[in-house]
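Accompanying notes for the structure given below.
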Amino acid sequence: MALTGLLFNIQKFSLHDGPGIRTVVFFKGCPLSCKWCSNPESQRAEPCMMGETPDSRPYSIEETVDVCLQDRPFYEESGGGVTLSGGEALTQGKFAAALLEALGKEGIHRAIETSGYARPEVFEKVFAGVDLILFDIKHHDDRRHEEGTGVHNGPILENLQKALERGKVVLPRIPVIPGYNDSLADAEGFSRLIRAVGLGKAQLLPFHQFGEKKYEKLNWEYALRGMPQIHKEDLADYRQVFIDHGVDCFF
Ligand code: SF4
């Protein structure tokens, strides 16, 4: 039987998911359950109903590559490419690795947005085929990590270390969530972690409420309902802590 992946979106012309103009391939399934998740439907490994409509469907490698290649001229013009996202692409490791290989044969730049949470052998297989890892780090403290996401950060940090040992280009990204990891002490904890693994860069992703309506459509509880968004200006002092630790920190 042909290999298929369960995807909930293929989004074109993205400017925020790696360099240049990108096509973002959204995978279903995630082993984390972050309280602030803006794609809650992505967490389930099977299709969910968004009102009357299923949120996802199976795609073959050929169909996915064909959709991505439609925008090759934009990638070439802008230094862009394709980014795997989700959900967590590592939950469909076989499909992700095959898709990356097929895109590589076409000379397309390949990035992945990931929580890094996966068995080491799956992680290795998928990361062998990426040019850039956008590696989300949700919390520097293991107990708080588990409170916010449902999983420990040990396997994530081990995979991060492994990616760096393999010489992968890694950009750590921190979703800054009100009341969870937005204190200056948290900025200090993240800065130390980033320096400890030998990195000198980080991107901050301020909390937004783009996912709020999705929880309503799914009829799911949302722990951050009504929580005010964070704006870049709110994080000037937070960002400065990173800079003071020698981490080039940007939005
Ligand atoms: S890792 Fe991403 S997709 Fe998974 S639950 Fe957290 S925010 Fe949602």
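The values are calculated or read from the model by the stated rules, or taken from the named source; none is laboratory data. Values in this document were obtained by computation on a predicted structure and should not be read as measured data. FYI the Cβ positions are ideal-geometry reconstructions off the backbone, even for glycines, and counts take in every protein chain you see.
Report the residue count in the stretch 39-69 for those that are more than 10 Å from the ligand (Cβ to nearest atom), in a loop (DSSP other than H, G, I, E, B) and touching a residue at least 40 places away in the same chain (Cβ under 8 Å).
Here the count works out to 7.
Within the set of pairs 6+ apart or on separate chains, which have a first residue in the stretch 123-142 that is on the phi > 0 side of the Ramachandran plot, a second that is in a strand (DSSP E or B), and C-beta atoms under 7 Å apart?
none
Please specify each residue of the stretch 197-251 satisfying the condition of being farther than 30 Å from ARG44 by Cα and β-branched (Val, Ile, Thr).
VAL197, VAL241, ILE243, VAL247, listed by residue number.
Tell me, yes or no, whether the stretch 165-186 has at least one residue that is of a type in the set (Phe, Trp, Tyr), within 16 Å of the ligand (Cβ to nearest atom) and at pLDDT 95 or above.
yes
Do you know which residues across the stretch 9-43 are in contact with a Lys or Arg (Cβ under 6 Å, 6 or more places away or on another chain) and modelled with pLDDT of 95 or more?
Result: SER14, THR23.
Look at the stretch 181-210 and say how many of its residues are part of a loop (DSSP other than H, G, I, E, B) and surrounded by fewer than 21 Cβ atoms within 10 Å (Cβ to Cβ).
9
Tell me which of these ARG225 doesn't satisfy, since it passes every other one: (1) in contact with a Gly (Cβ under 7 Å, 6 or more places away or on another chain); (2) free of Cβ contacts under 8 Å to residues at least 24 places away in the same chain; (3) basic (Lys, Arg).
(1)
Working only within the stretch 15-38, note down all residues that are more than 10 Å from the ligand (Cβ to nearest atom), in a strand (DSSP E or B) and within 13 Å of the chain's Cα centre (by Cα).
Residues satisfying the conditions are VAL24, VAL25.
When you scan the stretch 146-163, do you find a residue that is within 21 Å of VAL25 (Cα to Cα) and in contact (Cβ under 8 Å) with a residue 40 or more places away in the chain, even just one?
No - not one qualifying residue is present in the stretch 146-163.
Taking the residues in the stretch 99-138 that are among the small types (Gly, Ala, Ser) and part of a loop (DSSP other than H, G, I, E, B) as candidates, determine which candidate is nearest to the ligand (Cβ to nearest atom).
Ranking the candidates gives SER115 first.
Quick check: anything in the stretch 141-157 part of a strand (DSSP E or B) and either farther than 30 Å from ALA185 by Cα or at pLDDT 95 or above (or both)?
No, the stretch 141-157 contains no residue that is part of a strand (DSSP E or B) and either farther than 30 Å from ALA185 by Cα or at pLDDT 95 or above (or both).
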